[in-house]
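Have a look at the structure below before the remarks.
We did not get these values from a lab; they are worked out from the coordinates using the rules stated. Keep in mind that what you see is a predicted model, and the values were worked out from it rather than measured. Every residue, glycine among them, receives a Cβ derived from its backbone with ideal geometry; neighbour counts consider all protein chains shown.
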């Protein structure tokens, strides 16, 4: 079975450019999470969707970040404009929704470098 | 709010050594507890879990016991291998819309 699929795996861009990260959750999963991982701050939850609806976006750092889930099989995380401090690995994870039990399935991550 | 505290890394051990990675938590009610593992270049994957007090989760030779009296969920393995080198994350949830709260992770390095 296919796991969570993220693209791109690596992105190098210049400050001020728009960045779009993509995620395809596991089929049948209807909870989706975006996390950011850095050495300094560890793993941070950015936003959590349930049935395509954002439930908790309190972790989104600022207005430069936005996330959408137009359907059950696709989500995007957009940064506009990007800044060097956004450099991190961004993970997408999904979960089946039978009352969230804590088991998340992670993608391999998108490593973003903003110069 | 919920929080998870793990021992700082890196933890460096020789092959076949005994491993303990400490984890303590703060949460109201009765959370479920988890250990996730992240191998180099990969996403996190669930290693083991425990959903109520005194439960023991186990997988791949790793064990952790849910200790409510000490609010702890320490990870142990009797004899580590080089292939166990990874970053280990302790986490908790109370379920529903609570989401999953992770610790900062502990980098484990096993030397041959």
Got at least one residue in the range B:92-108 being part of a loop (DSSP other than H, G, I, E, B), closer than 23 Å to residue A:3 by Cα and without any contact (Cβ under 8 Å) to a residue 12 or more places away in the chain? yes
May I ask you to say which residue of B:15, B:63 is surrounded by 13 or more Cβ atoms within 10 Å (Cβ to Cβ) and within 12 Å of the chain's Cα centre (by Cα)? B:63
Check A:102, A:109, A:42 and return the single one that is within 10 Å of chain B (Cβ to nearest Cβ), under 20 Å from residue B:44 (Cα atoms) and in contact (Cβ under 8 Å) with a residue 60 or more places away in the chain. A:109
